[in-house]
Amino acid sequence: FSDPFINRRRANDFIQADSRLEAITRERIRERSKAPHESQREMCENYYPCELYAFRHGYAAAYRHYFGRRRTK
């Protein structure tokens, strides 16, 4: 076998469009539904004082310190 390239018909035999589209759809669903701790960490990373506090005490403690005490009147 001296030719490293295969023709299009043979290439489509082992890569199927349905499986690729299904994988992309699953990835999009995972992006929309993040874990709560991941969204809390992102919120903390966007607020600089919270991020500094997180370097010393961890992201969970920093989120509780800056965002955990929110109350509406």
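The values are calculated or read from the model by the stated rules, or taken from the named source; none is laboratory data. Remember, it's a predicted structure, so these values are computed and weren't measured experimentally. Surface accessibility is based on the protein's heavy atoms, side chains included, excluding ligands, DNA and RNA. Shrake-Rupley method; radii C 1.70, N 1.55, O 1.52, S 1.80 Å.
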*When you scan the range 12-23, how many residues do you find that are modelled with pLDDT under 70, assigned to a helix (DSSP H, G or I), among the hydrophobic types (A, V, I, L, M, F, W, C) and open to solvent by less than 90 Å² (accessible area, probe 1.4 Å)?*
1
*Do you know which residues across the range 29-67 are hydrophobic (A, V, I, L, M, F, W, C) and open to solvent by less than 90 Å² (accessible area, probe 1.4 Å)?*
Ile29, Ala35, Met43, Cys44, Cys50, Leu52, Ala54, Ala60, Ala61, Ala62, Phe67
*With Arg26, Arg8 as the choices, which residue is modelled with pLDDT under 75 and either among the basic types (Lys, Arg) or open to solvent by 90 Å² or more (accessible area, probe 1.4 Å) (or both)?*
Arg8
